[in-house]
Amino acid sequence: MTDFSVINKSSSQSFNSQKRLIKALLAGQTIPCETCKKPLSASMPPKNDQHILGHIRCPKGCTDIELEVE
Ligand SMILES: [Zn+2]
């Protein structure tokens, strides 16, 4: 699996806890948003942008984590 760095726009979570969260999500687990408790979902990147792997977001937008190729 490609390693990735994490850019977090809206949360105070630590980098390591974000990485754990993302790995759990990508492994198929259901992870609730820490703010609204709705399940987070991963979205795939646009095909023309090779620098971004995707986003982790909750339905309300209080969690929005961008994954970048390292
Ligand atoms: Zn939320």
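Values quoted throughout were computed directly from the atomic coordinates according to the rules given, and no laboratory measurement underlies them. All of these numbers come straight from a predicted model, not from anything done at the bench. All Cβ positions, even for glycine, are placed from backbone atoms using ideal geometry, and neighbour counts span all protein chains on display.
Amide H contacts of ASP64 (H built 1.01 Å from N, in plane; Pro and chain starts excluded): LYS9, SER10 sit under 5 Å, all sequence-distant by 5 or more or on other chains.
Here THR35, THR63, THR30 are placed in order of increasing Cβ neighbour count within 10 Å, fewest first, which gives THR30, THR35, THR63. Distances between placed amide hydrogens fall under 5 Å for LEU40 paired with ILE31, CYS33, all partners being 5 or more residues away or on another chain.
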